[in-house]
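We did not get these values from a lab; they are worked out from the coordinates using the rules stated. Computed from a predicted structure; not experimentally measured. Backbone-built Cβ (ideal geometry, glycine too); neighbour counts: all protein chains shown.
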């Protein structure tokens, strides 16, 4: 199974006077974020198989990031900013899903998922805004392995 974890591109800061983050889901991409999303989407569109399923957080910045790819996607509450690694892995049916799955989501959940799948410490894997990690599950001589296929950042594309 291939699991591609794409962090949303750069977004607006939380508005002043909103300490609870009640408008967090409404935050949009900045103009820089739009460029990051477009750059990554251009690369990803050439790599991602046609049958890949795409799941996106309900946050506006994640949907805007996914829109840059120009493919059909599903908004999933299991990927909201307060979601857990367990919710993500259950949604994507790791490691048994048959088709590749792209998730557009948030930190720290994406980094925590990568750390868990690679056997790292939870705090060892920050994911830069707009970047993606492509992981693959495989069976090698009866041993279940998670392999890093690629890590991409929009700044280097």
- Starting from one equal scatterer on each C-alpha and no solvent at all, send me the Debye-based log10 I(q)/I(0) for region 28-157 at q = 0.20, 0.21, 0.22 Å⁻¹, two decimals. -1.31, -1.46, -1.60
- Nearest 10 degrees, 0 to 90: what angle lies between the long axis of helix 31-47 and the longest principal axis of the chain (Cα atoms)? 20 degrees
- Task: Determine the shape class of region 108-157: with a ≥ b ≥ c the square roots of the Cα gyration tensor eigenvalues, call it rounded for a/c under 1.5, and otherwise prolate if a/b is greater than b/c, oblate otherwise.
- Result: oblate
- Message: Below 8 Å, C-alpha to C-alpha, sequence gap of six or more: please give me the relative contact order for the chain in percent.
- Response: 32 percent
- For region 1-85, report the convex hull volume of the alpha-carbon atoms normalised per residue, in Å³, without decimals. 91 Å³
- Note on the structure: Once residue 74 and residue 30 are pulled to full extension, the length gained, defined as 0.36 nm per residue separation minus their Cα-Cα distance, is 13.6 nm
- Item | Extension gain, residue 98 back to residue 149 (0.36 nm per residue minus Cα-Cα distance, nm) | 16.7 nm
- Query: How high is the relative contact order of region 36-129, in percent, with contacts defined as C-alpha pairs under 8 Å that are six or more residues apart?
  - Reply: 27 percent
- Highest-first arrangement of 62-68, 135-141, where packing means the average Cβ count within 10 Å: 62-68, 135-141
- Sum of -39500 (n - 2.57) over DSSP H runs of 4+, divided by residues of the chain (222 nm, nearest 500): -8000 deg cm²/dmol
- Could you check what % of the DSSP bridge pairs in the chain are antiparallel, to the nearest 5? 60 percent
- If a/c stays under 1.5 just call it rounded; otherwise compare a/b with b/c (prolate if a/b is bigger, oblate if not). Do that for region 54-106, with a ≥ b ≥ c from the square roots of the Cα gyration tensor eigenvalues. oblate
